[in-house]
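Only one structure is covered here, and it is reproduced in the block below.
The values are calculated or read from the model by the stated rules, or taken from the named source; none is laboratory data. The shown structure was predicted, so the numbers you read here are calculated from the model rather than taken from an experiment. Quick reminder, even Gly has a Cβ in these numbers, built from the backbone with ideal geometry, and neighbours come from all protein chains shown. To get the accessible areas, we keep the full protein, side chains included, count just its heavy atoms, and leave off ligands, DNA and RNA. Shrake-Rupley method; radii C 1.70, N 1.55, O 1.52, S 1.80 Å.
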Amino acid sequence: MSSANFQKHYDVVVIGAGPVGCGLAIDLAQRGHSVCVIEKYQSSQRIPKGQNLTQRSGEHLRRWGVSDAIRKATLIPPEYGNQGITAYGSWLSGWHYDWFKRASVGEYYFADNERLPQYETERVLRARAASLSNVDLITGWAYRTHSEQTNSLTICVNKSDDETQHEIESSWLVGCDGARSPVREHAGIEQSLDARDKRMALVTFCSAELDQLLSERFPGCTIFNAVHPELDGYWQFLGRTDPHGSFFFHAPVSEESTVDTFDFPALLQRAAGVPVNATLEYVGFWDLRFTQAKNYRKGRVFVAGDAAHSHPPYGGYGVNLGFEDARNLAWKLDAILSGWGNDALLDSYSEERHPVFASTRDHFIARMIKNDADFTARFNPEVDRRAFEQQWNERARGGQKEVQLYVPHYSGSPVIDNDTDAASGAVGNHSHTAIAGFHLSPRDIGGDQVDLFALMGGGFSLIAIDAPQCTLDEFAGAAANLGVPLTVIVGSRTTENAQWQADLILVRPDEYIAWAGSAAQAKPAQLLRRVIAADGIA
């Protein structure tokens, strides 16, 4: 709704109705909590960013009840897939290899990957949020400031068109309001900045001619990345917006470039490698930078999505990281609002999510830029074709493994029970083995086409494979004593679920494994206290 029908008090106020803010609001509302979402714009900004949604994001969309609506909103047909190529010099130079095959890790998740413009994802999530009776979606109002009391917050907002002000009371405040987050600034949450001093052009355009050339050369591909020896590792990146010749394009340009003077068609032709006719729809610039809040929480205020971390749109990590923030924070806010969580559990939001972004930034995005710069500086087919081909083929083998190695995990979390000194991060190997801190892989539990994802629901789940009833009773009793919502899912041993290599798997509300082991190793009361940060609390 766009009119300001505020309640007196909300459990949570979310600033920003982008995909992350709406996802968080939906998650909390589905858990029974009242949420107010404040958004300064009346409608979504139609810039096709955040297109690549991973299988993990597909799981979030399932939890939020929008999978079918997202699929209907998808502009790219299934035969295209969510994959692309990396080329040398230009997209049509002849030097290329397959890159970013997200479908290759599909067996490790309970949902498929999707590809659609962020404004379409946002539209679907806004509609879902607005349909929930305990969500007030207020557009045309902007966050102004807030003050914090012992047990609540007072949040001041103003109407965008006439500066009318209103105060909202809430138990918690979450800033999902972008990289220049006013919520983060007013809360006094510091952030680190890695400004690369690189100006990038953004162009959206239509070209039937380029569409035909790419479709003939690279059937089924949706993303095209070209590295060039003069670009210091920064990409000439093209993505399909739809299958009918609509694209968006990023490329580095000089710092002096302006919309009025820059030759955008020439930039596009250079990246394509051949003359192409194109109708430009939008042109603009953005500054390539990495930022990260030093902590994602201060008192009763949290930040998520771009307000917590931002990076260049390389690899499609942005909105996916933001969705993961929302899922991680939602169940922990639910825990404290429902009476079984505590302050230490809320602190674990930042402790878990902070190293995952830092690892994504360092080991994937920044590393890709550096590796491309090093490669193009050392190897050139016009200087030493044999050396170039050898290294290019080596890169091709590595490029196809990129998706396989991106495995965000919380193995170093204070609310994960394991016996290792591992650190949380984003680098790993996709595996069906059940490992504490890692995402649960879907396996058969011995039923007839049983949907394990649906069985797990919204609380903790204990998956038990041929486990003794006394152990299950002990877990249920310990959960009841702590007030922790626990669903016990009983299964029998199969060839498939043997890959978990565990008889008992305790799964968190966000599908990450809190603990895995055997009945002989289980200490239910101690374990549950550990994974909700209740150790030492009477």
Rounded to the nearest 10 degrees, what's the angle between the helix 118-131 long axis and the longest principal axis of the chain, both from Cα atoms, 0 to 90?
30
Quick one: with all protein chains in place, what share of the accessible area of the range 456-529 is carbon or sulfur, to the nearest percent (1.4 Å probe)?
49
In whole Å, how far is the Cα centre of the range 215-235 from that of the range 432-509?
43
Under the Karplus relation 6.51 cos²θ - 1.76 cosθ + 1.60, θ = phi - 60°, what is the ordered set of whole-Hz ³J(HN,Hα) values for the range 33-46, x standing for Gly and Pro?
9, 7, 9, 10, 10, 9, 9, 6, 8, 6, 9, 5, 7, 8
Calculated [θ] (222 nm, deg cm²/dmol) that DSSP helices of n ≥ 4 give over the chain, each run adding -39,500 (n - 2.57):
-9500 deg cm²/dmol
Return the distance in nm (one decimal) between the two label points of a simple spin-label model at Thr261 and Lys523, each offset 7 Å from Cα along Cα→Cβ.
7.0
Using only protein heavy atoms and a 1.4 Å probe, report how much of Leu193 is accessible, in Å² to the nearest 10.
100
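Within the set of other residues whose C-beta is less than 11 Å from the C-beta of Ala522, count the net charge using Lys and Arg as +1 and Asp and Glu as -1. Numbers along the way, then the final one.
Working: positive: Lys523; negative: Asp417, Glu474, Asp503.
Within the 11 Å Cβ shell, the charges total -2.
Subtract the Cα-Cα distance of Asn5 and Asn371 from 0.36 nm times their separation in residues, and report this length gain in nm to one decimal. The partial results should precede the final answer.
On the way: separation 366, 0.36 × 366 = 131.76 nm, distance 5.23 nm.
Length difference between fully extended and current span is 126.5 nm.
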What aspartates and glutamates does Lys72 reach when the alpha-carbon gap must be under 12 Å and sequence neighbours fewer than 8 apart in one chain are set aside?
Glu114, Glu120
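Give me the percent of accessible area attributable to carbon and sulfur for the range 1-60, probe 1.4 angstrom. If you can, show how the numbers build up before the last one.
Values: 950 of 2040 Å².
Roughly 47 percent of what the probe reaches on the range 1-60 is carbon or sulfur.
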Provide Rg and Dmax in Å for the range 400-443, with only Cα atoms included in the calculation.
10.7, 33
Which one, Ser348, Gln391, Leu333, projects farthest toward the positive side of the charge dipole computed for the range 322-405 from Cβ point charges (K/R +1, D/E -1)?
Gln391
For a label point 7 angstrom out from the Cα of Ile336 toward its Cβ, which stretches of the range 150-186 have the backbone nitrogen within less than 20 Å?
150-156, 168-177, 183-186
For the range 345-421, which trypsin sites (Lys or Arg not before Pro) pass both filters: DSSP loop (anything but H, G, I, E, B) and at most 14 other C-beta atoms within 10 Å?
Lys401
Candidate lysines for bridging to Lys8, where Cα separation is under 22 Å - those fewer than 8 sequence places away on the same chain excluded
Lys40, Lys159
Evaluate the relative contact order of the chain (contact order divided by residue number), counting alpha-carbon pairs under 8 angstrom at least 6 apart; express in whole percent.
15
Can you give the angle from 0 to 90° between the axis of helix 208-217 and the longest principal axis of the chain, with both taken from C-alpha atoms, to the nearest 10?
80
One would report the antiparallel percent of DSSP beta bridges in the chain, rounded to the nearest 5, as 70
Rounded to the nearest whole Å², what accessible area per residue is found for the chain with the 1.4 Å probe?
40
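Using a 1.4 angstrom probe on heavy atoms only, work out the carbon and sulfur share of the accessible area of the range 282-409 in %. Can you show the working numbers first?
Working: 2150 of 4750 Å².
Carbon and sulfur: 45 percent of the exposed surface of the range 282-409.
Relative contact order of the range 445-538, please, whole-number percent, based on alpha carbon pairs below 8 angstrom and at least 6 residues apart. Write out the running numbers ahead of the final one.
Details: 127 pairs, mean separation 30.9, N = 94.
After rounding, I find 33 percent.
Counting only C-alpha contacts under 8 Å and six or more residues apart, can you give the relative contact order of the range 424-486 as a whole percent?
On the way: 27 pairs, mean separation 13.8, N = 63.
Reported as a whole number, the value is 22 percent.
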Of Lys370/Lys401; Lys332/Lys401; Lys101/Lys332; Lys198/Lys370, which pairs sit farther than 22 Å apart, going by alpha carbon to alpha carbon?
Lys332/Lys401; Lys101/Lys332
Which angle between 0 and 90 degrees, to the nearest 10, do you get for helix 385-399 versus the longest principal axis of the chain when only C-alpha atoms count?
20
